[in-house]
1. Could you list the residues of the stretch 24-38 with an amide nitrogen less than 19 Å from a label point located 7 Å from the Cα of F9 in the Cα-to-C-beta direction?
2. Suppose all protein chains stay in the model; what accessible area per residue would a 1.4 Å probe give for the chain, in Å²?
3. Which percent of the accessible heavy-atom area of the chain goes to carbon and sulfur, probe 1.4 angstrom?
4. Give a residue-ordered list of calculated ³J(HN,Hα) values for the stretch 41-51 (Karplus: 6.51 cos²θ - 1.76 cosθ + 1.60, θ = phi - 60°; whole Hz; x for Gly, Pro).
5. For the stretch 27-37, what does the Karplus curve 6.51 cos²θ - 1.76 cosθ + 1.60, with θ = phi - 60°, yield as ³J(HN,Hα) per residue in whole Hz, taken in order and with x for Gly and Pro?
6. Taking the chain as a Gaussian network, where each spring joins two C-alpha atoms under 10 Å apart, which residue of Y14, Y61, Y24 fluctuates the most?
7. Taking the structure as given and computing P(r) over Cα pairs in 10 Å bins from 0, in percent, which label from (1) 15, 49, 28, 8, 0; (2) 17, 38, 24, 14, 5, 2, 0; (3) 17, 51, 30, 2 fits?
8. Tell me which residues come under 5 Å, amide H to amide H, from F37 once H is placed; ignore anything under 5 positions away on its chain.
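The values are calculated or read from the model by the stated rules, or taken from the named source; none is laboratory data. Please read all numbers here as calculations on a predicted model, not as lab measurements. Cβ coordinates were reconstructed from backbone atoms using ideal geometry, including for glycine residues, and neighbour counts include every protein chain displayed. Side chains are part of the model used for accessible areas, which takes the heavy atoms of the whole protein and leaves out ligands, DNA and RNA. Shrake-Rupley method; radii C 1.70, N 1.55, O 1.52, S 1.80 Å.
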Amino acid sequence: MLNILKGLFASIPYQLYIDREAYYHSIFYAVMSVLGFNTEAEVSMAKGRIDAVLELEDKVYIMEFKYKDCEPNTSE
């Protein structure tokens, strides 16, 4: 799944790119929702927010997104 998301992000034209972490939250949420997954974004908890919760029949994935601006042509 990680490789698919990396490929998706890499395929977005630079003209549409937004230099913010919320950009990745939005795309992840939209993709998971379109694929039919039970996904919640910005879930409020007593000590903060969870970026995304992805619920499957037998598992729950808690997602925390971090954005790091990298120099072009780096391996990160």
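1. 24-35
2. Numbers: 6220 Å² over 76 residues.
On a per-residue basis, the chain sits at 82 Å².
3. Numbers: 3520 of 6220 Å².
Ligands and nucleic acids excluded, carbon and sulfur reach 56 percent.
4. 10, 6, 7, 6, 10, 4, 10, x, 10, 9, 4
5. Ordered by residue, 3J(HN,Hα) equals 5, 4, 4, 4, 4, 5, 5, 5, 6, x, 7 Hz.
6. Comparing Y14, Y61, Y24 in the GNM, the peak value goes to Y14.
7. It is the one labelled (1).
8. none
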